[in-house]
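**Q** Sharing a structure with you now.
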Amino acid sequence: MHSFNKAINYQAPSAEGYYGDFGGAYIPEMLYSNVETLKTQYLQIMKDADFQKEFHALLKDYVGRPTPLFYAERLSKEIGTNIYLKREDLCHTGAHKINNTIGQILLADKLGKKKIIAETGAGQHGVATATVCALKGLECVVYMGEKDIERQAPNVARMKMLGAKVVPATSGSKTLKDATNEAIRAWINEPNETHYIIGSVVGPHPYPDMVARFQSVISDEIRKQLKDKTGTELPTHVVACVGGGSNAAGAFYHFLNEQTVELVAVEAAGRGVYSGMSAATTQLGKPGILHGSKSILMQTADGQVVEPHSISAGLDYPGIGPLHAFLYESKRGTFTSATDEEALQWAFHLSEIEGIIPALETAHAFAILPKMNFKPTDIVVVCLSGRGDKDLATYMQAMDFKK
Ligand SMILES: *Cc1c(COP(=O)(O)O)cnc(C)c1O
């Protein structure tokens with residue numbers, strides 16, 4: 001068994017938003033009052049009985065929760081253990097991201113905000129944000145790297161159909177990191193009427209904790225569903241892919257302080273961890289500050305952010321959230337990675353063996369299963385973070401290539 005410091009409560013950062021050395025709120029002066037309001041009010045609003053009632057009613061009737069926990073029989077046999085899939089791919093809009101955007105739109109409403117901004121990489125968070133803005137009748141502007149706008153045309157069309165304005169980020173590598181910079185800049189220009197819906201467990205405190213709490217519905221359901229199916233609430237392992245880390249944080253949350261549960265985080269190794277084209281943040285990164293918090297990030301010796309690479313836009317980010325940096329540093333989490341090639345292979349393999357076409361991000365989590373040496377009695381839960389519809393163009397190219 002795997003041991004760690006039981007005195008640490010991994011679920012709650014300090015009052016200033018620190019998990020160990022990581023977290024905090026490193027923000028420009030202009031955002032101070034906005035972030036301070038969020039910081040002093042988010043817990044109170046989230047704990048309010050009416051808020052909880054509305055949040056859970058929408059999760060049930062709009063998102064389609066609880067999502068199933070599915071025993072993957074053929075995959076279990078192949079790997080030689082017991083594998084359960086938490087089906088976040090069945091959420092409305094196709095991934096876990098909507099759990100968080102539903103929570104944040106209700107919060108923005110309570111704070112009296114009239115306008116929503118967001119950043120997006122693959123467009124999944126942008127679609128989830130545009131969706132809830134349509135649901136609540138709020139103005140929505142989504143910042144997206146110019147390169148991602150080209151790569152992810154169907155999601156751009158979806159956001160526009162949902163009434164959002166999509167603004168291209170034209171600086172740097174024209175991808176997620178640059179879109180985030182643009183969104184922060186826009187927020188600074190209109191801090192009072194605007195709420196910024198961040199899509200992962202990143203950004204200044206209280207975002208990492210707030211997003212983790214909204215996503216924690218995933219592990220709350222896993223505990224109950226596993227109890228029904230196996231008689232125990234505790235799996236031996238929970239496996240999830242990590243971009244910023246929100247599906248992993250949600251899947252880990254109610255197991256963070258459970259000594260016996262091994263938490264396995266899978267990063268994107270791109271063309272290979274040391275290929276110079278990778279997004280394996282914990283393997284390559286060092287402590288630093290990005291997008292408002294201190295965490296581990298990929299950087300040069302003089303602190304310039306290194307451009308990451310992953311075949312999946314959702315994992316193509318040079319950092320991870322501060323909770324994950326702490327899980328890594330304190331050895332509470334097991335961090336590993338899968339390459340572009342392995343993820344592609346597993347996207348096809350899962351489709352063939354279980355009849356489920358996963359998102360490319362999610363396929364990374366599956367790719368590590370054969371390397372884990374599970375016991376036949378282990379109970380392994382894999383967070384199936386999203387479905388593969390958005391990645392069909394990549395899958396079609398891969399099939400052409402195979403022929
Ligand atoms: C966005 C996305 C991810 C990566 O984001 P996290 O915050 O790390 O969860 C993973 N899977 C899918 C399907 C996504 O859309």
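**Q** Which is the longest run of the chain containing none of the chymotrypsin sites (Phe, Trp or Tyr not before Pro) found in DSSP loop states (not H, G, I, E, B) with at most 16 other C-beta atoms within 10 Å?
**A** Longest site-free region, per DSSP loop and neighbour criteria: 27-273.
**Q** Can I ask one more? What fraction of the Cα pairs in the chain, stated in percent, has a spacing above 29 angstrom?
**A** Here the tail beyond 29 Å accounts for 37 percent of pairs.
**Q** Ok, one more. Under 30 Å from the Cα of K371, which lysines turn up, not counting those fewer than eight places away in the same chain?
**A** Once the sequence-local lysines are set aside, what remains near K371 is K6, K77, K86, K97, K224, K227, K229, K286, K331, K390, K402, K403.
**Q** Excluding K114 itself, what net charge comes from residues whose Cβ is under 15 Å from its Cβ, given Lys and Arg +1 and Asp and Glu -1?
**A** Within the 15 Å Cβ shell, the charges total +1.
**Q** If you don't mind, another one. From zero up to wherever the largest Cα-Cα distance of the range 171-254 sits, split into 10 Å bins and tell me the percent of pairs in each.
**A** Bins of 10 Å from zero give 16, 35, 27, 14, 7, 0 percent of pairs.
**Q** Turning to a different aspect of this structure: Considering all projection directions equally, how large on average is the shadow of the alpha-carbon convex hull of the range 103-188, in square nanometres?
**A** The directionally averaged projection comes out at 5.0 nm².
**Q** Give, as ranges by residue number, the residues of the range 175-203 whose backbone N falls under 20 Å from the point 7 Å along Cα→Cβ of E16.
**A** Correct set: 202-203.
**Q** Considering only protein heavy atoms, what is the solvent-accessible area of D109 at a probe of 1.4 Å, reported in Å² to the nearest 10?
**A** Here the accessible area works out near 80 Å².
**Q** Fully extended, how many nm does the chain gain between K114 and A398 (0.36 nm per residue separation, minus their Cα-Cα distance)?
**A** 97.9 nm
**Q** Continuing with the same structure: In the range 31-127, which trypsin sites (Lys or Arg not before Pro) are in a loop and have at most 14 other Cβ atoms within 10 Å, using DSSP for the loop call?
**A** Those satisfying the criteria are K114.
**Q** Say R0 is 35 Å: what FRET efficiency, to the nearest 0.05, do N5 and K47 get from their beta-carbon distance?
**A** It comes out at approximately 0.80.
**Q** For the range 95-202, run through the GluC sites (Glu not before Pro) and keep only the ones in DSSP coil with at most 12 other Cβ atoms within 10 Å of their Cβ.
**A** Those that pass, being in a loop and sparsely packed, are E193.
**Q** Hey, for a label at E341 modelled as a point 7 Å past Cα toward Cβ, could you say which residues of the range 380-400 have their backbone N under 12 Å away?
**A** The answer is none, because no backbone nitrogen lies closer than 12 Å to the label point.
**Q** How high is the relative contact order of the range 324-403? Use alpha-carbon pairs under 8 Å, at least six apart in sequence, and give a whole percent.
**A** 28 percent
**Q** Mind listing the lone cysteines of the chain, meaning no other Cys beta-carbon sits under 4.7 Å from theirs?
**A** Unpaired cysteines in the chain: C91, C241, C383.
**Q** Straight-line reach from K136: which aspartates and glutamates have a Cα under 17 Å away, not including same-chain ones fewer than 8 places off?
**A** D50, E54, D61, D109, E193
**Q** Going by Cα centres, the range 148-173 and the range 192-227 are how many Å apart?
**A** Each part's Cα centre sits 24 Å from the other's.
The values are calculated or read from the model by the stated rules, or taken from the named source; none is laboratory data. Remember, it's a predicted structure, so these values are computed and weren't measured experimentally. So basically every Cβ, Gly included, is an ideal-geometry build from the backbone, and we count neighbours across all protein chains shown. These accessible areas exclude ligands, DNA and RNA; they are computed on the full protein's heavy atoms, side chains included. Shrake-Rupley method; radii C 1.70, N 1.55, O 1.52, S 1.80 Å.
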